[in-house]
Structure formats: C-alpha cells, structure tokens
Amino acid sequence: METQRPGRMSAPGITEPTEAIARARAGDADAWGELYREYAPAIFRFCRRALPTREDAEDATMEIFMKLKGKLSQYDTTRSFSAWLYKVAANHCWDILRRRKIRQDKETDDVESVPLEHPEPSQLEKLIEQRSSEEVRKALEKMGARARMALVMRYYSDMSYDEIADALGVRRAFVGVVLLRARHELRLALEGNAALAAGGTS
C-alpha cells in the first residue's frame, strides 16, 4: 500500500498513464473514464484544501475535468501528467478565489509584515502531522486566499516556485515571501485551534 508523507499530497499514480492519455486524445471515452477514476480523488482533495467548502471543491473538481477534456490536446507528453494536472487545478482554484475577492485585506505585498520568527517547512510538516485533516482544513480556511493557495500548491502538490509564481501572477522572488507568511499564519491557526480545544471551548 502506498504511503504518503504527512500533511502532503503525493502525486497520484506511480507511472504516467501514457496509453490512456493517447486513447483519450483520440476520443476514447473509456480512456477518459480511466483518467478520471485515477486522478479525480486526488484533485478533489487538492480543491478541498484550497477552497472554502466541500461543495466548492466538488464543483471545482468537475469543472477542472471538463476543462481538461478540452485542454488534453495541449498536454506535452514529455512532461509529468500529474504535475500538469495539478497546475490546471491550481489555476482554476485561484481563479475562483480571485473572482470572489476572498480576504483581500490580507493579500497586500507589504514585506514589512513578514514575521522574523517563522517555522521551517520541516517544522510545519511535523505540526501538520500531529493534527487531523479537519483541523488542518479549518486552519487553512482562516488564511488569506493567496497565502492559502501558495501553501497548498507548494506542500500538497509539490509545485515549483516558478509554477506558483505563474499561477498566482506574482514575481518568483515574492513566492518565498508569500510562503514565509503563509507558514506563519498556518502555525498560528493550528496552535490557536489547539488552545481552544484544550480550553474546552469551540
């Protein structure tokens, strides 16, 4: 049974589904069904972390796969299919959040607000490992849209800084700043939830 790193979504599938992709591109409905069954659960989990509600994630997953059907001819078969799929999903989720203008007050580019003390990625992974998926999801919901998306793209789909910068429409140099702030926000949210639970309040 495949194991996943704590708090991180591993790429679905061990090998690239090249045969199914080729058949799907040729119009084979069965092949498209194979791709959907293989990748839809992971894309739903990605959307669930990125978007506010389960209903949003369900709708987004369907919309992403409808979009993929039209984009499949653009896929470069020399590159990772799962990485390409996550990039399409990340762009779609970010478009949804941007249209809704969620928590824009927390999305300014003021680098002065970045905390001097912040958890390293490995420390954050340990903290996430100690929390349930629901606790992590609730903590993510408290974050600004850009910080949340950057975190999800980096730590749940292993997107590069260049890919995150492209998806979010920011300079590559700013991605590190966004992730720095996002890790700080997530740690505070997780520790806040733990404090509430310990205090017996909800």
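Annotations
- Per-residue extension of 0.36 nm, minus the Cα-Cα distance of L188 and R100, leaves a gain of 29.2 nm for this segment.
- The R79 and E58 beta-carbon pair, evaluated with R₀ = 22 Å, returns a calculated FRET efficiency of approximately 0.20.
- Surface per residue (accessible, 1.4 Å probe) for segment 34-91, Å²: 49
The values are calculated or read from the model by the stated rules, or taken from the named source; none is laboratory data. Worth saying up front: this structure is predicted, and the values here are computed from it rather than measured. Counting neighbours? That spans all protein chains shown, and the Cβs are built from the backbone with ideal geometry, glycine included. Remember, those area values only see protein heavy atoms, side chains included, never the ligands or the DNA or RNA. Shrake-Rupley method; radii C 1.70, N 1.55, O 1.52, S 1.80 Å.
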